[in-house]
Amino acid sequence: MTRVLSAVAWPYTNGPRHIGHVAGFGVPSDVFSRFMRMAGHDVLMVSGTDEHGTPILVLADNEGLPARELVDKYNQVIVDDLCGLGLSYDLFTRTTTGYHYAVVQEMFETCRRNGYMVEETTKTAISPSTGRTLPDRYIEGTCPICGYKEARGDQCDNCGNQLDPTDLIDPRSKINGETPEFKDTQHWFLDLPALAEALGEWLDQREATGLWRPNVIKFSQNILKEIRPRAMTRDIDWGIPVPGWEDQPTKRLYVWFDAVIGYLSASIEWARRLGEPEKWREWWNDAEAESYYFMGKDNIVFHSQIWPAELLAYNGKGDKGGEPGPYGTLNLPTEVVSSEFLTFGDSQFSTSRGNVIYVGDFLARYGPDPLRYYICAAGPETSDAAFTWADFVTRNNSELVAGWGNLVNRTATMIAKNFGEIPAAGPLEEVDEQVLATVRDGFTGVGDLIGKHRLRAAIAEAMRVVGEVNKYLTVTEPYKMKDESQRERLATVLHVAAQCVSDCNTLLSPFLPHAANKVHAVLGGEGELMPMPRIEQVDELEPDNGAGHTSYAVITGEYTSTPAWESRPVVVGARVDKPTPVFTKLDPSVVEEELARAAGEPA
RNA sequence: GGGGCGGUAGCUCAGUCGGUCAGAGCAGAGGACUCAUAAUCCUUGGGUCGUGGGUUCGAGCCCCACCCGCCCUACCA
């Protein structure tokens, strides 16, 4: 048994999440976490919404809402969506809690005490009307090199040259068109160069495991070459106050500094709510514990560089030495599991262009498991993957419904018709032994692949096993055994089939937990096979220290009843009625409907 | 501009150390069967492995150049 931290990327509360988001971090992390629990490991799965940063303020202005109300609104939507997908978080919280603030401030202070936070003066663009930092990307102007009128502050999209916002001719804010002011400002910088050697050693060690996806490890090592100090504070009035700068309300911690600390603060919050406030340490201080971080590729730098650098600084493990703070020596990531991007046809999902499929809409129309299946079978695991409605319908109908759903249905129908309960088996023939062995071997094959985060291959292997069981029924032809003399053989074949369906259901349960519960019931099982998360309203633990909530919704759950990753004998005599289909076949017309909907036409 | 990833059958993608690697699933075609949501099972896969060079006895797999797509480059997974 190993303690496994499943650290799942924190969705940003600037809108509802689309299916590309959950394809990147959500479903893969849940499949892995569910599997690891089944394999007997002690999993702690944490995440939450990431609610600070300039984009929130810009959007709040646009929507005419205070930032706090805006993040409350989208936090609620995201919580509903992720819980609806069945993502089995132990705690899904948020960054605007007093508890998170306290942990972030402690991390900051210890990093600073250890010498890894350096105060520097820089020139930054400020919005004169709001006094906020104007990030380079929010500034545009005329490119001094090619004369392109809409060059961004950080780069000209026309000639490709990297720019400094102060170089732009006629710079203006993309938010409101005003001319930014460039002025000197004080900020705390994380001294990444002083941590570079330790980071490099850690990455080399990680590379040696051979487990990281090659693009992630290579990218991470590469960005180490040009490492520079990075500002961990901002001129903004939305975020976590900077310790020591409480008298300057327009200085806050950089959103990414605090967001990654969420993995730690959520773990501590979880333990505290459990009533065992030190229990989180089993995942963070024990060097034997493992931690897996799930995200999209645009987040790699924050998880393979910034976050480990913060941890090393906290642990006092960089060039400047130092001592860990009260949280002790914290574990660095075992593995950074990054997905590529799911695209919508040929282009990226884009909320602003309306080229988007929201998780909530998808769940309402098709339910969680068809989406989970699609993401596992065709998701952006090692390269960008294109979602199309036609492909979704095809995979749903010809793989999920016709392959797996049909096997469940035909097996249960024959049992219901002939026995009404799972019959006891007579003597097994070779064909029976073979199919049972094939299914049992599936646990090794599928499990290894999930452990390596190869979900596409894993679910394909599980579906191959399903195909073997379908073949078994075709070969043994139980539906032809109508004579009384064949009754024992019929019972044997159907018993074996039921056993295989049950085992296939276990094999597929990390991917399709909702369907797993239905199949479990079809075979006369009692209760829930796979535990599900729930939404719970909780009280703020540090009401005086946070962003003003007194209570908020979290996703949590009780997962100790998770079944083991192994074949479990079916219960002879368990009642089996004529089943209703577990999966729904989709009419091909939904492709047209969805395309019309995307085009903004009434469906 | 710099860095990264990718371009393999109609579609979506596998191809670890260079030598049965030219593959899988789906779609299509033919056949069998009927328990099942017309589902299942069997048979059927000549695609210049983006382009042009190079290294090698031998290259999707290594090197060079080029074309195309995507991502990162201080705040959209």
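The values are calculated or read from the model by the stated rules, or taken from the named source; none is laboratory data. Keep in mind that what you see is a predicted model, and the values were worked out from it rather than measured. Please note: Cβ atoms are built from the backbone with ideal geometry, for glycine as well, and neighbour counts cover all protein chains shown. Each accessible area value is taken on the protein alone, full model and side chains, heavy atoms only, with ligands, DNA and RNA left out. Shrake-Rupley method; radii C 1.70, N 1.55, O 1.52, S 1.80 Å.
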Those residues of segment A:470-488 which are open to solvent by less than 90 Å² (accessible area, probe 1.4 Å), within 8 Å of RNA strand B (Cβ to nearest atom) and either modelled with pLDDT under 90 or of a type in the set (Val, Ile, Thr) (or both) amount to A:THR474
Being more than 7 Å from RNA strand B (Cβ to nearest atom), in the same structural domain as A:THR506 (by TED's automatic domain parsing) and open to solvent by 30 Å² or more (accessible area, probe 1.4 Å): is that true of A:THR444 here? yes
If we take segment A:189-307, then strands (runs of 3 or more DSSP E) inside it with 2 or more residues that are open to solvent by 10 Å² or more (accessible area, probe 1.4 Å) and farther than 18 Å from A:ASN545 by Cβ are A:233-235, A:290-296
The condition of being on the phi < 0 side of the Ramachandran plot and either in contact (Cβ under 8 Å) with a residue 60 or more places away in the chain or not in a helix (DSSP H, G or I) (or both) holds, among A:ALA424, A:ALA437, only for A:ALA424
Would you check if A:GLU461 is open to solvent by 20 Å² or more (accessible area, probe 1.4 Å), of a type outside the set (Val, Ile, Thr) and closer than 29 Å to A:VAL336 by Cβ? yes
So which strands (runs of 3 or more DSSP E) stay within segment A:333-393 end to end and still have 2 or more residues that are more than 10 Å from RNA strand B (Cβ to nearest atom) and either within 15 Å of the chain's Cα centre (by Cα) or in the same structural domain as A:ILE78 (by TED's automatic domain parsing) (or both)? A:335-339
Can you pull out every residue in segment A:549-572 that is farther than 14 Å from A:MET530 by Cα, small (Gly, Ala, Ser) and exposed (fewer than 12 other Cβ atoms within 10 Å of the Cβ)? A:SER551
With the structure loaded, tell me whether A:ASN62 is at pLDDT below 90 and in the same structural domain as A:TYR293 (by TED's automatic domain parsing) or whether it fails that test. yes
Identify all residues within segment A:463-484 that are in contact with a Lys or Arg (Cβ under 9 Å, 6 or more places away or on another chain) and in a helix (DSSP H, G or I); write none if there are none. A:ASN470, A:LEU473, A:THR476, A:PRO478, A:TYR479
Does segment A:441-493 hold any residues that are touching a residue at least 60 places away in the same chain (Cβ under 8 Å) and hydroxyl-bearing (Ser, Thr, Tyr), and which are they? A:TYR479, A:THR492
